[in-house]
Structure formats: structure tokens, C-alpha cells
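Visitor: Before I ask anything, here is the structure I am working with.
The values are calculated or read from the model by the stated rules, or taken from the named source; none is laboratory data. Being a predicted model, the structure only gives us computed values, none of them experimental. Here Cβ is always computed from backbone atoms with ideal geometry, including for glycine, and neighbour counts include all displayed protein chains. Ligands, DNA and RNA are excluded from the accessible area calculation, which covers all protein heavy atoms including side chains. Shrake-Rupley method; radii C 1.70, N 1.55, O 1.52, S 1.80 Å.
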Amino acid sequence: MADSLQTDRRSFLQVLAVVGGGVMFGIHARDAEAGELEPGAAPFAPNAFIRITSDNRITLIAKNPEEGQGVKQSLPMIICEELDADWSQITVEQALSDESKYGRQFAGGSLSTPMNYDNHRRLGAAARAMLVAAAAKTWNVPVGELTTVRAQVSHNASGRRATYGQLAATAATMPAPDLATVALKDPRTFRLLGKRVPGVDNRKIVTGKPLFGIDVVVPGMLHAVFEKSPVFGATVVSANLATIRRQPGVKHAFIVDGVGTALDGLMPGVAIVADTWYNAKTAREKLQVKWAEHPTAKQSTEWFAQTAKELSAKPADRVVRKDGDVDAAFAAATKVVEAEYFYPFISHATLEPQNCTAHFKDGKLEIWAPTQMPQPGRELVSRTMGIAPQDITIHLTRIGGGFGRRLKNDYMVEAAWIAREAGAPVKLLWTREDDMRHGHYRPAGFHFLKGAVDASGKIVAWKNRVVVEPYMRLGEFPGRYIANYLLETSTLAHGVPTGALRAPGSNGIAFAIQSFIDELAHAADKDPLQFRLDLLTPAMPPVQGDAFNAERMRGVLELVREKSGWGTRTPAKGHGLGVAFHFSHQGYFAEVVEASVGARGEVKVHRVWVAGDVGSQITNLSGAENQCQGSCIDGVSAALGQEITITDGRAVQGNFDSYPLLRMARAFPVEVHFKITDNPPTGMGEPALPPVIPALCNAIFAATGKRIRSLPIGDQLGYQNS
Amino acid sequence: MPISLTINGKPTTVDVPPEMPLLWVLRDVLNLKGTKYGCGISQCGACTVHLAGAPVRSCGIPISAASGMSITTIEGLSATGSHPVQKAWEQLDVAQCGYCQAGQIMTAVSLLRNKKNPTDADIDAAMQNICRCGTYNRIRDAIRLAARSAPAGATPARAPGDDLTGEE
Ligand code: FES
Ligand code: FES
């Protein structure tokens, strides 16, 4: 132990130069599976999140599912900071799903940081206070004379020192301080938060250790595939089960009737369970299913467009916000601009296809799931199968990409049902085609926009009829910033399953709104960035239901102007700069894209500048930058070529050959700049995504004069962009 | 039908259908879970391994086509993460979800074996694997870091003390 501590301390001081600027601290924590270290051996466990053994081993619990957003790293780092341990001394353990112990556990809405930042600081600080109190008692000195660093308490006057491990047993007997009033560090003295710290699972990732849901192995486990109707939600009339049961390796083949009529319950289908997944999948090639007729079969991409257009001409279902008199303002305006914007259904396309492993035994279920929402998953399984929630154990595996897809638990209830029917542990794995054709897609949306500017170039009227699922929010920008404003919606009822996809709502709305603002800037003959700053002035005070703070947005706009050289640097010939901003998930982001369009119409993104304000503290700078860069790649990837089209009520695209994801050759540098402001820290998984799409389209306009009003860009510029 | 091959330096015999893809033999028969399934149609590269020293997409290789050959998976690169490419990946904190990274690393190792100092164009051409999380910039940086940190005179793909690999 002494040796490893030595090494750890040296490594703390080791700073690795990182290519492309910045430094990465060469400190690593290890991770452990739940139960790998016997919890009983910890004499000091002041709360559910911290365990310290007498040999100074410190285990911190990561409560939320890890889907690549970095919370298995960042949340324990917050505890570690206030505990005053060295990150190299920490072992991180993934929590089981148990909300009675850990509070709400989920990965969504970029909420892990805002919901846990303060509390995790207090958990760490309370443990530290008890350790310090233990030292004070042991040495009979005042608490105020003690200092802590690297999991050690020191009394400088007497030169006495003790590790947290040595103090653990005594600390456990000290009264626990009140979390609400426990003393916290001055953030200026933080040693760990705000640094670039490599992820806790990195070693396992680079050596190929089993970490993900798809890697789970349970003794005696069988493998399943599950075929559902290509028309969403249709039931099974019949299937050639006898033939399937004769295929090599097949143990069970049966029809699942489905429970609940909504697309959120257990969907009907045919399960094939075999000794290997290969055998199950091979048997499935012989499967013939007769599906019941279903009304969704009448729906198609063309039907959506036509219906949306018809709805736009009818009175709206709902007026979300109305200020002033748009019609009078349009009549009096200098210039009026009208445009229709469209964004398609898109798939989450998590690289790890949906999967889940389940074992039903003696009335109890044990589940291993890559899920962003374990507790709702437990409730879904409980309700569908009639098993009490407390009889369902859920292990949280690392998730091979979530992006909101795994907020749903359809794969979980399928695996649980199939495992109970099969009477054995079963791992259900969807094929890529299952995954892409049975998504909960980002809903398509249509925006019918009309705007006007006056002689001075100020926006005087704005009307937005949105035909989409009814998710437009009252506070959606530019509401309150334009005197005559009308936001209304028509709901298009349809049978395609939809759900939240990274920055839900915002990922489409920002495209329409920030592109249309650009159109108005050009109509007013104004610089598009200055036009936005003017629009945000004066800032309106935040009101109930609208937390948007225009001053913070102006801050990031000004930062991105400076960093991108907007207005002060002439881009290379043929290059255009585009700007956009968006507020979502409590984060303020302004982005500039530099792009060009080649002679054949191929879009090239040269660089993206991101300016973000997520409050007073970045937890892990490496993770935060990675999220921003990934968000920009993700947004551009979607904008260039991604679309799920619907024919006869079914998703057409099934794999990456027809649903292209951006690859290395089209990747681009992303410069990330954070503006630190005196606001509570907020999450990083989503808010950097929405602005990049309109910023790209605005850059294409600046470069070519061609306005992109419909996504994906695809072949609109004469070349198949993807 | 029993098929013999060498996996990460170890002679191995498996008794599976001859059409079974190498990917599923590795994952479900030999329990080597590092090689990942992403698409099954040679599109994403998550399943990349080295077959006779060259990077291949194991989802598209029937096990019979690998008979008698030498295969290296991510587990065979080094179990401890000591390979320069693994080290670079870890140091630059490349991964987000991490699911694609075994395939990315195996592809990068091959690239560096062929080109000690790859240009951007070399990287673009060789690195065709999908990263859904969009970690391409860090992958590029990590390849450069690995190229620089390879010991002088040594093959960049191999560091002293690496666990053995079965190929070459
Ligand atoms: S799984 Fe083999 S290339 Fe995608
Ligand atoms: S890190 Fe998630 S797919 Fe590459």
C-alpha cells in the first residue's frame, strides 16, 4: 500500500502535455463493479456514497447511469474534492438501481450536474468533517488547527499526521454534521474540479474488458432475438413456430402478445431463444409472421408533409404565446419574409444496439441493463409482468451511447418477459436493423414562419406555426423579445414512436429559429451576429416558466465573436461563417461554424467555435470539452445526411449503409471556450448541440447564398452530402 | 465442424457452424467481449480485429475463412494497456461511451504499423470506423501521440513488455 501511495503521489504531479493545447492531469482512479470490494470491510461509511477502509482505500459510488456523458467520473469527483482525497486514491463503484438509497438515478436532461452538484459537495464535506473531528478527539487538539490533503489529516504544530484510513474507525463514532450547514470549501481552493481528468473506465475500455450491457454473461444464459412488426405496433396473427423450433440451437420460440396498447408498453412480436445469438438470429431468417392490419400502415413521409401543410392553413390547436398584433405589424412593416422549415425523424443510432439480460427465478427478477432510466424500467416491468418492484434487481451497466434512446425501457421489458417464458437467464440483443426500425425517433417537425423588419432593421413581427408533437414551450426564444409575436401549434396525430433525442425539442427548434433569424438579418442588411446581440437587448427579466437570461447569452455571443475572429478576419475564399445560439438544459451556447461548399456541392466544415456558459464550475474539463466536441460532430452528422423516412407505416432505413454517420474524413476541429459566471453549475451532455446545425446552415448561406430550410442537407446542393 | 486457429497467440479449436462470423465466435464462444457488434454488415468497424496481421471487420468473416490463421483482438494487444496506442487513448481521454474504441484502436494499430508518422490524409483514409459519440478529434490526436511516443527503432505497434500477440 505504501508503495502504491508513493506512485500515486508522483503521478499526481505528472502533467501530460496534450496535443492541441491544454494539459491533462495524469491521475487515475480505478473502478470496481458493485460488490467487488466487500462493503462490510469498511469501518467508515458516513453515507451511501462513501466508504473508507482502515488501509485508506476510498470507494465512492457513482449513482447515475454512464452513457458516455462522463458522470461516472464527474459526480464522484465532486465528492472527492470536498472530501479532500487525491483522485488516485479513489475507487469508483457503479451503484445498483436503488432510489431509496441514492435518490433519483437517471441520465437525462443534462440533469446529473445540477441535481447533484451541491449535494455531492456536502456528502464529501460531511465525511471530511467527521474525519477531522476524529483526529481532533484522538490528539486532543482543536479542530481549527487541523488541515487535510490527500486523505490525510495533519496537525502542523505537533507534526502529527494520520490517514483517513487510520481515522476511519473513530470517525464512524463521531456525530454526523447537518448536511445543510456543513462547511464547504471556497471554490477558489479546489484542487480537482475544473481540471482535465481521464475517465475512470479508460483502462478497461482500451483493453477490451467487459463493461457494457452486451457483454453481460450469466451462468446458463441463453440468447434471444425478438421480431416485431415492421408497421409499428401491429400484433401477431400467426408464425411458423414449429419450423423455427427445429432450427439448430433453438430452445424456445413463442409469440408475445404485447401488453398495453401504447407504443411504450411491451410490444407484440415473436421471440426466438437459442444457445447462441448466432443460432437465434440464423433461425430468424426462416421466420414467417403474419401481422395484423394496422392503421399506421397508411402513413408515410409524404403523408406527413401533406398533412402538415393542410394543418398549417387551418386554425391552430393551441396558441402558445401571443403578444401585440402580428397582422397589423406585418401590414406596416418594411420587409416581410416567409419560410417553411422542416426537420425529419432521426434515429438515436447508439452504437451499442439495444439489449438487456434478465433472469427470473423464484418469483424474483434480476436485470442487467444499459438503461438511462432504471426506476421507470422497474415500474414498467413490474406493471407489465405483475412482479413487485422490490423483487426486481437492476444492475446498471456501462451504456454504449444513449442520446435519449435508453430513457425508454422497451428492450428491458422484452428481455424480462422472454426470460420468464424461457425459464432461464436470457440475453436479448436487437440487431442493428431492429434498433433502427424500432426507434423512439426524434419527432419530425414543420415550422411555418413569417417575420418582418422595420426601416431601421429591427424585427417588428414574428409568427411561427409549428406542426409537430405539442412540445413547444411558452418561453421559447424569441418570445418576449419581439413586440408582435405569435407562436401557435397544430398537432399531427400519427403512429410513429417518438421520444427524446439529445436536446429534445431544441435540436429541431434551434435549426428553424436560428436560421430564420439569419434570414431576417440578411433582409435587414445587418451583420448576423450583431443583429442577434441587438435582438437580445434589452434583456427581459426571467419570469416563471422562462429562465432565459439574455445577458448570459450575450456573454457567450461576444465570446464566440472574439474567438472566431468574426468581423475582424476575412475567411478564406469560398468559406462562409455562420453563427447561432440556443438556450437549453440551463446552458447558454453560441457557436460559429466556418464552412465551404465545393464545386460539386460537397459541404466541408473547417472549424467550429463553441462558447458556453454552464455556470460557476466545470467539474471535469476533459469531459466537458469532449461533450462539446461530440455534440458538434453529432449535430453536423445529423444535418448532413440523417433521416428516417416512413413508407407504409414502417421505417425504411435499417443500417449505417442507408443512415450515414459522420466519419473521420469529414470531422473538423472544435474549439471550446467556457465563460465562467456566478451561476449554479449545469450539465454538458446536450446544450452544445442545438446551435451547431443552424450555424452550419447559416455558414452555407454565407458561402453560397443558398438557404437550407429542410434537413438533412442531403443532395440539396447537388451532391450527396452525408 | 472443428476449426483450428490461433487467437492472441494461443492455438484454439472451436466447434461451430462454418458460416458463423468470427465476431460471434470471439464474443460468444471464446468469451472475448472486447470486440464489439455495431452493424453486422461491415459498416461501422466496431468489430475490427487483426487477421494475419491485417485489420478486418470480423462480423463479415465466416469462421471457416479464418481457419488456420492468426487473429489478434483488443485483448491480445496488451492486457494491461501498455501498448503505445492504448496508452495514448487513455492519456488523451479519447472515449465517451467507449463502445467503438476497441475497433478504433485495432485500426489505428494497423495504420501505425504501416506508416510510422501518418499524415492527416493517411488518418482519414485508414480510420473509417464510426464513432457515434464523435471523438474523432481525440482519436486523431491519440494516433499522433502514439506515433511520437513509440520507442525509437521499434515498431510503433509494439512496445517492450507488451503481452505477446499471435500474428506476424
Ligand atoms: S459490426 Fe462489424 S463492421 Fe459493424
Ligand atoms: S466513444 Fe461512443 S461510439 Fe465512440
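Visitor: It is to be established whether one or more residues within the stretch A:344-354 are over 20 Å from A:Val225 (Cβ atoms) and open to solvent by 30 Å² or more (accessible area, probe 1.4 Å).
Guide: Scanning the stretch A:344-354, I find no residue that is over 20 Å from A:Val225 (Cβ atoms) and open to solvent by 30 Å² or more (accessible area, probe 1.4 Å), so the answer is no.
Visitor: Now for a separate question. Of everything in the stretch B:125-139, what is away from ligand 1 (no atom under 16 Å from the Cβ) and either open to solvent by 30 Å² or more (accessible area, probe 1.4 Å) or among the polar types (S, T, N, Q) (or both)? Give them in sequence order.
Guide: Taking the stretch B:125-139 as the starting set, the residues that turn out to be away from ligand 1 (no atom under 16 Å from the Cβ) are B:125, B:134-139.
Listed by number, the residues that qualify are B:Ala125, B:Thr135, B:Asn137.
Residue-by-condition table, conditions (1) part of a loop (DSSP other than H, G, I, E, B); (2) under 25 Å from A:Gly598 (Cα atoms); (3) open to solvent by less than 10 Å² (accessible area, probe 1.4 Å):
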| site | (1), (2), (3) |
| --- | --- |
| A:Pro660 | yes, yes, no |
| A:Ile676 | yes, no, no |
| A:Ala695 | no, yes, yes |
| A:Phe701 | no, yes, no |
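Visitor: Can you pull out every residue in the stretch A:411-450 that is within 13 Å of chain B (Cβ to nearest Cβ), touching a helix residue (DSSP H, G or I) at 6+ places or on another chain (Cβ under 8 Å) and of a type in the set (Lys, Arg)? Break it down into steps so the answer makes sense when it comes.
Guide: Residues of the stretch A:411-450 within 13 Å of chain B (Cβ to nearest Cβ): A:427, A:429-436.
Filter once more, so that each one left must be touching a helix residue (DSSP H, G or I) at 6+ places or on another chain (Cβ under 8 Å): A:427, A:429-431.
If the condition is that a residue be within 13 Å of chain B (Cβ to nearest Cβ), touching a helix residue (DSSP H, G or I) at 6+ places or on another chain (Cβ under 8 Å) and of a type in the set (Lys, Arg), then A:Lys427 is the only one that fits.
Visitor: On to the next question. Testing B:Ser64 on (1) among the hydroxyl-bearing types (Ser, Thr, Tyr); (2) away from ligand 1 (no atom under 16 Å from the Cβ); (3) in a loop (DSSP other than H, G, I, E, B), one condition comes back false. Which one is that?
Guide: Single failed check for B:Ser64: (3).
Visitor: Turning to a different aspect of this structure: Could you tell me which of the residues A:Glu81, A:Glu67 is within 16 Å of ligand 2 (Cβ to nearest atom) and outside any strand (DSSP E or B)?
Guide: Working: A:Glu81 fails: within 16 Å of ligand 2 (Cβ to nearest atom).
The match here is A:Glu67.
Visitor: Of all residues in the stretch A:168-200, which are touching a helix residue (DSSP H, G or I) at 6+ places or on another chain (Cβ under 7 Å) and small (Gly, Ala, Ser)?
Guide: A:Ala171, A:Ala176, A:Ala183, A:Gly194, A:Gly199
Residue by residue, here is whether (1) away from chain B (no Cβ under 14 Å); (2) in contact (Cβ under 8 Å) with a residue 60 or more places away in the chain; (3) over 17 Å from A:Asn620 (Cα atoms) holds:
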| site | (1), (2), (3) |
| --- | --- |
| A:Leu60 | yes, no, no |
| A:Gln73 | no, yes, no |
| A:Glu81 | yes, yes, no |
| A:Glu93 | yes, yes, yes |
| A:Phe106 | yes, yes, yes |
| A:Asp118 | yes, yes, no |
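Visitor: Please tell me if A:Thr207 is over 30 Å from B:Gly34 (Cα atoms) and of a type in the set (S, T, N, Q).
Guide: Values: over 30 Å from B:Gly34 (Cα atoms): no; of a type in the set (S, T, N, Q): yes.
In short, no.
Visitor: Pick out, from the stretch A:89-206, the helices (runs of 4 or more DSSP H) lying fully within it that include 1 or more residues that are surrounded by 15 or more Cβ atoms within 10 Å (Cβ to Cβ) and of a type in the set (D, E, K, R).
Guide: Per the criteria, A:112-139, A:202-206.
Visitor: B:Gln104 is checked against (1) away from ligand 1 (no atom under 15 Å from the Cβ); (2) open to solvent by less than 10 Å² (accessible area, probe 1.4 Å); (3) part of a helix (DSSP H, G or I) and fails just one. What number does that condition carry?
Guide: For B:Gln104, the failing item is (1).
Visitor: Pick from A:Ile61, A:Ile52: which is farther than 24 Å from B:Tyr99 by Cβ, β-branched (Val, Ile, Thr) and open to solvent by less than 10 Å² (accessible area, probe 1.4 Å)?
Guide: Of the residues listed, the single one that is farther than 24 Å from B:Tyr99 by Cβ, β-branched (Val, Ile, Thr) and open to solvent by less than 10 Å² (accessible area, probe 1.4 Å) is A:Ile52.
Residue by residue, here is whether (1) assigned to a helix (DSSP H, G or I); (2) more than 9 Å from every other protein chain (Cβ to nearest Cβ); (3) buried (at least 24 other Cβ atoms within 10 Å of the Cβ) holds:
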| position | (1), (2), (3) |
| --- | --- |
| A:Leu577 | no, yes, yes |
| A:Glu591 | no, yes, yes |
| A:Gly615 | no, yes, no |
| A:Gly623 | yes, no, yes |
| A:Asn626 | yes, no, yes |
| A:Asn655 | no, no, no |
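Visitor: Does the stretch B:44-72 hold any residues that are small (Gly, Ala, Ser) and either within 16 Å of ligand 2 (Cβ to nearest atom) or within 13 Å of chain A (Cβ to nearest Cβ) (or both), and which are they?
Guide: Let us first name the residues in the stretch B:44-72 that are small (Gly, Ala, Ser), namely B:45-46, B:52-54, B:58, B:60, B:64-68, B:70.
The answer is B:Gly45, B:Ala46, B:Ser58, B:Gly60.
Visitor: Can you name every residue in the stretch A:497-523 that is buried (at least 22 other Cβ atoms within 10 Å of the Cβ) and over 16 Å from A:Glu476 (Cβ atoms)?
Guide: Of everything in the stretch A:497-523, those that are buried (at least 22 other Cβ atoms within 10 Å of the Cβ) and over 16 Å from A:Glu476 (Cβ atoms) turn out to be A:Ala500, A:Leu501, A:Arg502, A:Asp518, A:Leu520, A:Ala521.
Visitor: Among the residues of the stretch B:32-43, is there at least one that is within 12 Å of ligand 1 (Cβ to nearest atom), over 22 Å from A:Ile399 (Cβ atoms), open to solvent by 10 Å² or more (accessible area, probe 1.4 Å) and more than 11 Å from chain A (Cβ to nearest Cβ)?
Guide: Looking only at the stretch B:32-43, we keep the residues that are within 12 Å of ligand 1 (Cβ to nearest atom), and these are B:35-43.
When the remaining residues are screened for being over 22 Å from A:Ile399 (Cβ atoms), the result is B:41-42.
Among the residues that remain, those that are also open to solvent by 10 Å² or more (accessible area, probe 1.4 Å) are: B:41-42.
Next, only the ones that are more than 11 Å from chain A (Cβ to nearest Cβ) stay: none.
Scanning the stretch B:32-43 turns up no residue that is within 12 Å of ligand 1 (Cβ to nearest atom), over 22 Å from A:Ile399 (Cβ atoms), open to solvent by 10 Å² or more (accessible area, probe 1.4 Å) and more than 11 Å from chain A (Cβ to nearest Cβ).
Visitor: Still on this structure: Applying the selection to the stretch A:316-357, what residues are under 30 Å from A:Gly641 (Cβ atoms) and within 14 Å of chain B (Cβ to nearest Cβ)?
Guide: Of everything in the stretch A:316-357, those that are under 30 Å from A:Gly641 (Cβ atoms) and within 14 Å of chain B (Cβ to nearest Cβ) turn out to be A:Ile346, A:Ser347, A:His348, A:Ala349, A:Thr350, A:Leu351, A:Glu352, A:Pro353, A:Gln354, A:Asn355.
Visitor: Evaluate the following for A:Leu501: is it in a loop (DSSP other than H, G, I, E, B) and in contact with a strand residue (DSSP E or B) (Cβ under 9 Å, 6 or more places away or on another chain)? Quick ask: steps written out before the conclusion?
Guide: On the way: in a loop (DSSP other than H, G, I, E, B): yes; in contact with a strand residue (DSSP E or B) (Cβ under 9 Å, 6 or more places away or on another chain): yes.
Criteria met by A:Leu501.
Visitor: Does the stretch B:5-21 include one or more residues that are within 10 Å of ligand 1 (Cβ to nearest atom), open to solvent by less than 40 Å² (accessible area, probe 1.4 Å) and either at pLDDT below 95 or not hydroxyl-bearing (Ser, Thr, Tyr) (or both)?
Guide: Within the stretch B:5-21, one or more residues are within 10 Å of ligand 1 (Cβ to nearest atom), open to solvent by less than 40 Å² (accessible area, probe 1.4 Å) and either at pLDDT below 95 or not hydroxyl-bearing (Ser, Thr, Tyr) (or both).
Visitor: Please give the number of the condition A:Leu365 fails out of (1) outside any strand (DSSP E or B); (2) surrounded by 16 or more Cβ atoms within 10 Å (Cβ to Cβ).
Guide: (1)
Visitor: Report whether or not B:Ala95 is within 16 Å of ligand 1 (Cβ to nearest atom) and either open to solvent by 10 Å² or more (accessible area, probe 1.4 Å) or more than 20 Å from A:Arg398 (Cβ to Cβ) (or both).
Guide: On the way: within 16 Å of ligand 1 (Cβ to nearest atom): no; either open to solvent by 10 Å² or more (accessible area, probe 1.4 Å) or more than 20 Å from A:Arg398 (Cβ to Cβ) (or both): yes.
Here the answer is no, as B:Ala95 does not meet what is asked.
Visitor: Can you find a residue in the stretch A:317-324 that is surrounded by fewer than 16 Cβ atoms within 10 Å (Cβ to Cβ) and assigned to a helix (DSSP H, G or I)?
Guide: For the stretch A:317-324, residues surrounded by fewer than 16 Cβ atoms within 10 Å (Cβ to Cβ) and assigned to a helix (DSSP H, G or I): absent.
Visitor: Within the stretch B:73-80, is even one residue within 16 Å of ligand 2 (Cβ to nearest atom) and within 12 Å of chain A (Cβ to nearest Cβ)?
Guide: Applying the first criterion (within 16 Å of ligand 2 (Cβ to nearest atom)) to the stretch B:73-80 yields B:74.
From the residues that got through so far, the ones that are within 12 Å of chain A (Cβ to nearest Cβ) too are B:74.
There is at least one residue in the stretch B:73-80 that is within 16 Å of ligand 2 (Cβ to nearest atom) and within 12 Å of chain A (Cβ to nearest Cβ).
Visitor: Considering each of B:Ala95, B:Ala88 in turn, give the residue that is assigned to a loop (DSSP other than H, G, I, E, B) and within 12 Å of chain A (Cβ to nearest Cβ). Steps first, please.
Guide: Working: B:Ala88 fails: assigned to a loop (DSSP other than H, G, I, E, B).
None of the others qualify; the one that does is B:Ala95.
Visitor: On to the next question. Quickly run through the stretch A:640-686 and pick out the residues that are farther than 30 Å from A:Thr301 by Cβ and of a type in the set (Lys, Arg).
Guide: Passing the criteria: only A:Lys675.
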